[in-house]
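Read through the structure below, which is laid out as structure tokens, and then see the notes.
What follows draws every value from the coordinates through simple rules; no lab data is involved. Computed from a predicted structure; not experimentally measured. Cβ sites come from the backbone with ideal geometry, for glycine too, and all protein chains shown count toward neighbours.
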Amino acid sequence: MSEFGALSLVPPLLAILLAIVTRRPMLSLFLGIWSGAIIYTESLGIAQTFDWIVGAIIADDGFHVQILLFTLLLGSGVALIWRLGGAIAVRNWAMGRLETQRKVGLTTWLLGLLMFFDDYANTAIVGSTMREISDQLRISREKLSYIVDSTAAPVATIGLSSWVAFQLSLIAAGYEDLGVEDESPSAFETFVWSIPYNTYSLLAIAMVGIIVYTRRDYGEMLDAEHRAWTTGKVSREDAQPLQEVEKDLGEPIEDRPMLRTFFAPVVVLIAVTLAGAFWTGYDAWVGEQAEAGEATTIGAAADDAGLVQVLVDIVGAGDFAGALVWGSFAMVAAAIAIGVVYDLFDTGDGVDTVLDGFKLMVTAVTILILAWGISDVASALETGDYVAGAVGDTVPVEIFPVIILFVAAFIAFTMGSSWATMGIVTPLAIEIAYGLTGSFELMPVVVGAVFSGAIFGDHTSPISDTSVLSSTFTGADLIDHVRTQFYYATTVMAVVVVCYLLYGYLGVSPVLFLPLGVVLLVVLVRGLSELDAGRKGLHPIASQTLEETGESDRRDE
């Protein structure tokens, strides 16, 4: 338990509350960190406040520095693509093929599913790619940001990614802490069986598909979509987007808009990132295998452990943050080379655009640093330990997964980090589950519940790094994104609770409760959209309000 008790909850909750009420995330985060310093030092705490902020930058063996470099370089890549007319080329190409809101939404969703290898790269690539065409079809920035954010982390947590490697290490550590690693199932086996119980991630992905296909909205997203459709304003009047390419970079070069000016740098980014991650992972894996006296070739190791396990081990050993930096730098270099080769600008103009791209990311980088700072505050005050310890281990087995789900969700919401939450809760959940049952039967369920709760908390927190990056690369206001996504995330969470209760009390397996969950989501989306639209005097599908706009049916398929 935390020595600060309930006071450990004050800084993150204060920052979140102020961010939602004032819509000023930077000020809110700073005040949250400052309040934590006051509690921690029992004094004015100014020195401690800045120690935490500086520490957040250099934490995790330079991981945060690498993410900041990646973000800045990606901003330069986006600026160069804009300057070269890449966005115009994509718009011209897509307008003849993606002529409806539904097609644009489904394309964004499918791209998010394909970019499974990293959530940061996912938000950057998909958000930047689809922003221009979604604006043309009057899709609100809030809707685009929701599609991007609610696909990125859920896909990464079940795909071949750095997330999976991290989760495997936590499961293995949990078994080691119990001293049962010799009799327990392997971490990989536990993870694979936990995937159906990572129900929030699976249903969140399904929810995006349902919302996009039906085009029905409710909550604040309904208001945002009606505003975008009837007025053409894809952002709220007083919104403060984290990135405004058009305003900050001026007019692009329109002489020769070419698709290669867009897709070539993006392909370079993906290729270099994946190659870098695999290369560093393979190098580290060979070293680990040699040190353990085991096979150092993929083929030989696959004969013993299976190819999928070997690939996961290699990816997990890779330096994904470093690979993202290499990839984003290669993206910038490729864009400058294209501009020079095709005589669209000279090297000096390219460098100037790179610096302009850095400016695009100043707000996002500042919020990221402050969000990491508030997470450090929560760690120093042991917020996660306090919440987890308050649960205790005397709970009915039937509802234990639900309790773990909510504990993980609350910790992720207050810390703004799903990874930190998984690190705190996974070993604890494994220990309590073993104590309650004396077996490993419940392990996949509680592990899935931890991952589900962590990602839900991440989706609903305005201090989450993935929320910041999703807003950045879609050009959305951070607080508007969080507020509109909240309704959909909580709907999915409610269905997850139903699924877990069906499992706990009736023994219903995921084979049945997952399809049932999708059906429940369809029913809820239809019912809530009709109810909210009727209450507001709006149509549940914004683009069917044609009599108010005189627009043609072209966008309303």
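For the charge dipole of the chain, defined by +1 on Lys and Arg C-beta atoms and -1 on Asp and Glu C-beta atoms about the Cα centroid, which residue among 116, 213, 194 has the Cα displaced farthest towards the positive pole? Farthest towards the positive pole: 213.
Using r as the Cβ-Cβ distance of residue 93 and residue 42, and R0 as 45 Å, what FRET efficiency do you calculate, to the nearest 0.05?
Numbers: r = 61 Å, r/R0 = 1.35.
About 0.15, to the nearest 0.05.
Pop the C-beta distance of residue 523 and residue 366 into the FRET formula with R0 = 51 Å and round what comes out to the nearest 0.05. Show your work: numbers first, answer last.
Values: r = 42 Å, r/R0 = 0.82.
Working from the Cβ atoms, E equals 0.75.
Mind checking the full-extension length gain between residue 189 and residue 110? Use 0.36 nm per residue of separation minus the Cα-Cα distance, one decimal, nm. Please list the in-between numbers first.
Working: separation 79, 0.36 × 79 = 28.44 nm, distance 2.79 nm.
Roughly 25.6 nm would be gained on extension.
Label-to-label distance for residue 263 and residue 436 is 5.1 nm, based on points extended 7 Å past Cα in the beta-carbon direction.
Dividing the C-alpha radius of gyration of the chain by 2.2 N^0.38 Å, with N its residue count, gives 0.97. Working note: Debye formula, equal point scatterers on the alpha-carbon atoms of segment 5-58, no solvent; log10 I(q)/I(0) at q = 0.14, 0.22, 0.26, 0.32 Å⁻¹ is -0.35, -0.80, -1.00, -1.15.
Could you tell me which of 72, 333, 522 has its Cα farthest along the dipole of the chain towards the positive end, charges placed at Cβ (Lys, Arg +1; Asp, Glu -1), taken about the Cα centre? About the Cα centre, the residue reaching furthest to the positive side is 522.
Between the alpha-carbon centres of segment 184-224 and segment 349-401 there is a gap of 21 Å. With the convex hull constructed from alpha-carbon coordinates only, segment 423-532 shows a mean projected area of 8.7 nm² over all directions.
Take each peptide in 351-360, 26-35, count the other Cβ atoms within 10 Å of every residue, and average; sorted highest first, the result is 26-35, 351-360.
If we count other beta carbons within 10 Å of each Cβ, what is the order of 191, 263, fewest first?
Fewest-to-most Cβ neighbours within 10 Å comes out as 263, 191.
With both labels modelled 7 Å from their Cα along Cα-to-Cβ, the residue 100 to residue 498 distance reads 2.8 nm. Residue ranges 60-70, 204-214 sort as 204-214, 60-70 when ordered by packing (mean number of other C-beta atoms within 10 Å per residue, highest first). Extending 7 Å from Cα along the Cβ direction at residue 358 and again at residue 340 yields two label points whose distance is 1.9 nm. Which one of 87, 293, 170 is farthest out on the positive end of the charge dipole of the chain, using unit charges on Cβ (Lys, Arg +1; Asp, Glu -1) and the Cα centre as origin? Most positive-ward Cα: 87.
I need the calculated FRET efficiency for the pair residue 311 and residue 60, taking r as the beta carbon distance and R₀ as 22 Å, to the nearest 0.05. Result of the calculation: an efficiency of 0.35.
The number of Lys pairs in the chain with C-alpha atoms less than 18 Å apart, excluding pairs fewer than 8 positions apart on the same chain, is 4. Axis of helix 220-231 versus longest Cα principal axis of the chain: the two differ by about 10°, to the nearest ten degrees.
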